[in-house]
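Chemist: Provided herewith is a single structure, encoded as structure tokens, for subsequent inquiry.
The values are calculated or read from the model by the stated rules, or taken from the named source; none is laboratory data. Bear in mind the structure is a predicted one, so any value in this text is a computation, not a measurement. Cβ sites come from the backbone with ideal geometry, for glycine too, and all protein chains shown count toward neighbours. Heads up: the accessible areas ignore ligands, DNA and RNA and are worked out on the full protein's heavy atoms, side chains in. Shrake-Rupley method; radii C 1.70, N 1.55, O 1.52, S 1.80 Å.
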Amino acid sequence: MARSDKVAAVAELADKFSSSAGVVLTEYRGLSVKALMQLRRSLGDDASYAVSKNTLTTIAAREAGLDTIEEQLVGPTAIAFISGDPVVVAKGLRDFARTNPQLVIKGGVLDGKFMTPDEVRKLADLESREVLLAKVAGVMQGVLQQAISLVSAPLSQAARLLAALEEAAGENPSLLAPPAPEASAEPSNVELAAEVTAEPTTEEVAAEVTPEPTTEEVAAEVTPEPTTEEVAAEATPEPTNEELAAEAASHAASAAPEAGTAPASEPLAAPAAEDN
């Protein structure tokens with residue numbers, strides 16, 4: 001290959017590396033041209049599958065800032081440049097490798113990060129973007145349907161209620177008449193406040209409380225106890241021995257019998273017996 005052709009090939013590869021969402025490196029040793037064409041058709045518009053020399057691919061990867069794939073550029077290499085859904089491309093390569101074991105997945109780069117062969121196979125196990133979008137759309141549709149049901153149910157109930165009320169009012173117009181005013185209106189807040197008895201102030205309570213007597217007033221009202229001299233003056237003096245003897249003699253004299261009076265204790269003489 002001429003030098004100019006090599007420069008053009010490197011520039012084309014570098015542009016594909018830069019414009020692609022990701023790449024998957026494969027080894028195609030033993031695959032026929034027919035099998036490679038079948039693989040390209042299976043990837044469809046989501047990726048372009050091309051065979052390139054490792055030396056040119058290495059230079060182009062360096063120019064695109066993908067130095068991490070240099071270790072995988074060993075042996076015959078074919079690159080899948082992803083332009084669509086990476087999951088669809090990973091599924092296509094995995095399914096083709098199941099029926100064509102000669103195709104070996106070496107690794108890849110997605111969003112600037114290197115992927116190992118196991119990570120590429122895990123990417124293939126995910127659901128495609130269309131399936132995920134369909135599931136999200138189904139969930140959103142279910143949520144919207146529930147929201148519509150929740151909103152429309154009260155509205156329909158209110159409409160039926162208003163229709164029933166209108167029909168009943170046509171038969172009995174008094175249903176729509178305003179209520180008659182009550183006989184006794186409830187007092188307003190101002191009237192209630194005027195009826196409430198105000199609590200007495202601290203000065204009024206203090207004026208109504210009977211003050212306790214002072215210590216001097218209590219002392220003036222208490223009857224003083226008599227002194228020792230007053231008790232001695234009021235006490236009756238005890239009689240002396242001479243006074244007691246005189247009083248006893250006076251009592252004895254008054255108790256003696258009068259002269260000529262027989263003692264009461266002597267018996268009367270019995271009458272003399274009559275002579276026969």
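Chemist: Taking 0.36 nm per residue of separation and subtracting the Cα-Cα distance, what length does fully extending Glu166 through Glu70 add?
Modeler: Using 0.36 nm per residue and subtracting the Cα-Cα distance, I get 26.2 nm.
Chemist: Enter the accessible area per residue of the stretch 38-102 (Å², integer; probe 1.4 Å; all protein chains in place).
Modeler: Value for the stretch 38-102: 49 Å² per residue.
Chemist: Rounded to whole Hz and in sequence order, give me ³J(HN,Hα) for the stretch 7-16 from the Karplus expression 6.51 cos²θ - 1.76 cosθ + 1.60, θ = phi - 60°, writing x for Gly and Pro.
Modeler: Going residue by residue, I get 4, 5, 5, 5, 5, 5, 5, 4, 5, 5 Hz, with x marking Gly and Pro.
Chemist: Just grab the label-to-label distance for Asp111 and Ala158, each label 7 Å out from Cα along the Cβ direction, in nm (one decimal).
Modeler: 4.6
Chemist: Could you pull out every residue, at least 5 positions away or on a different chain, whose amide H is within less than 5 Å of the one on Ser52? Hs are placed 1.01 Å off N in the peptide plane, and Pro or chain starts have none.
Modeler: Distant-sequence amide H within range of Ser52: Thr77, Ile79.
Chemist: Run the quick spin-label model on Thr99 and Ala8: label points 7 Å from Cα toward the beta carbon, then report their separation in nm to one decimal.
Modeler: Result: 3.6 nm between the two label points.
Chemist: Would you pull out the residues with amide H under 5 Å of Phe114's amide H, same chain only if 5 or more places away, H placed 1.01 Å from N?
Modeler: Result for Phe114 returns nothing.
Chemist: Between Glu247 and Leu126, what length in nm is gained on full extension when 0.36 nm per residue of separation is reduced by their alpha carbon distance?
Modeler: Difference between extended and current length: 28.9 nm.
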